[in-house]
Amino acid sequence: MTDARLGTDARPFRVAVIGSGPSGFYAAEHLHRQEGVVTQVDMFDRLPTPFGLVRGGVAPDHQNIKAVTRVYDKIAEHPEFRFYGNIELGREITHDDLIAYYHAVIYAVGARTDKRLGIPKEYLPGSHSASEFVGWYNAHPDFRSLAFDFSGSTAVIVGNGNVAMDLARMLLVPVENLHRTDIAEHALRALGKSAINEVLILGRRGPLQAAFTTKELRELGEIADCDVIVAPDDLPSAEEISEGVSKTALANLEVLRHFAAKPLTGASRRVVLRFFQSPIELIGDDRVSGVVIAENELYLTEHGSVRARVTDRTEQIRADLVFRAIGYQGVPLLGIPFDAAGGVIPNEKGRVMDPTTTTHVAGEYVVGWIKRGPRGIIGTNKPDSQETVDQLLEDFGAGAFEGRDVPGRAVLERLLGERRRDFVSYSDWQMIDMLEQERGRDAGERPRLKFSRIEEMLSALAEKKQEQRRVQSAQAQHEGE
């Protein structure tokens, strides 16, 4: 063991970040802002592309939100930051490898799947999760091969959050409005032929408990040639609003009152917001054709939270497509503790906890949705990640990592080269990024045209690198003449 103090040039503090979404980048940023500690941050992602849900989850017509990636580009410029894309935990690198090659590990893997409705016939053809549809129209490689049948007229979305608002908008917005976005090309073609003209959004609870933001709600009213329908009886009166209701809920209520009071225009499309409704069964044999919904009543739990329970009042509604948008769910990682009920890695302020011993798993930490559950917006991840890194730094200051020596970055890269020759660096990603932007300009002034298959982007990257080598070789030959 060397005599150098951990956190110096001679013996840098090595931290792995698994996942490259906002929470992972904010963790890297906070680590690198610590003066007097030389920290090498190696970020891994199973995809060749970084940014998580900013790239694969934000709606294509919200380009301004995606501008946050410029912040992550700045973070990646730190000389002690490295990105290793196309490297999956459990495939090219294992949990044992992380423990052997790093002093500390931060899991930032997010929530990769959706919560289930748990009702009969939930998986009939025509019934989909939100993550499938969102990933499909955002060119996520996991969902490229999916197909959605838009030949019917009516879609039902179960959920009352921003994802439900995004899905409704993408189904109803005139397709010409999407031509200058980064929507996947296959989605643009399919939605251009869509016959969907009515979307019903079902919320289990009432307007004051809805999880969507006011901005997302207002955007429903901005869809061209589309009526927004809200039943006035679903909206509470001023006397029915209790103290402590959030400003967002009150702002949402004002927008909903505006929708409810606005006369119908006879538009060719419509979106209907129905509250106090729960699906209890899907209808259909070969594919979904309807939903049985039950009317709910609200009640207060002993802790003061508002819950919904179904009544015996039911009805059947038509549905040619059904999407569940009731929340994302984390998935377990091999070798890491997991709370299946909460869909998170058990932790205390970001320190991973062993549920069998209720003690901290030395050197392992967690940030983002896999830490706290799928709550909050992009910016919520910054204080969340800072909290975790503060715990890690507290352990560092207490000498928790001093007794361990780990191999240097060059050794790690030799290991990765043996297991995955085509892993992607950050400069490689920037080349992919440039190629996508060039494709977008060629397709008609779109911000980018994404690669939707991993092999496609790796092939384009290899071709671009080869082209650059040919140019460099020709320049060198010319200079030598």
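Listing for the model above:
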{"item": "Residue check for VAL310: β-branched (Val, Ile, Thr), part of a strand (DSSP E or B) and more than 23 Å from the chain's Cα centre (by Cα)", "result": "yes"}
{"item": "Tally, over region 85-118, of residues that are crowded, with 21+ Cβ neighbours inside 10 Å, β-branched (Val, Ile, Thr) and outside any strand (DSSP E or B)", "result": "2"}
{"item": "Filter pass, LEU146 being without any contact (Cβ under 8 Å) to a residue 40 or more places away in the chain and not assigned by TED's automatic domain parsing to the domain that holds ALA59", "result": "yes"}
{"item": "Cross-chain or 6+ apart pairs with Cβ under 7 Å, region 126-137 first and closer than 12 Å to MET170 by Cβ, then buried (at least 23 other Cβ atoms within 10 Å of the Cβ) and aromatic (Phe, Trp, Tyr)", "result": "ALA130/PHE323; PHE133/PHE323"}
{"item": "Residue list for region 344-394, restricted to those being crowded, with 18+ Cβ neighbours inside 10 Å, aliphatic (A, V, I, L, M) and closer than 22 Å to GLN329 by Cα", "result": "VAL344, ILE345, VAL352, MET353, VAL366, VAL367, ILE370, ILE378"}
{"item": "Residue count, region 72-84 (criterion: within 20 Å of ASN381 (Cβ to Cβ) and surrounded by 14 or more Cβ atoms within 10 Å (Cβ to Cβ))", "result": "7"}
{"item": "ARG218 vs. criteria at pLDDT 95 or above, more than 23 Å from the chain's Cα centre (by Cα) and part of a helix (DSSP H, G or I)", "result": "no"}
{"item": "Count - residues of region 421-448 that are part of a loop (DSSP other than H, G, I, E, B) and touching a residue at least 40 places away in the same chain (Cβ under 8 Å)", "result": "9"}
{"item": "Sole residue being assigned by TED's automatic domain parsing to the domain that holds GLU394, surrounded by fewer than 22 Cβ atoms within 10 Å (Cβ to Cβ) and farther than 30 Å from GLY397 by Cα, chosen from THR154, THR69", "result": "THR69"}
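The values are calculated or read from the model by the stated rules, or taken from the named source; none is laboratory data. Note that the coordinates shown come from a computational prediction; the quantities given were computed from them, not determined experimentally. Please note: Cβ atoms are built from the backbone with ideal geometry, for glycine as well, and neighbour counts cover all protein chains shown.
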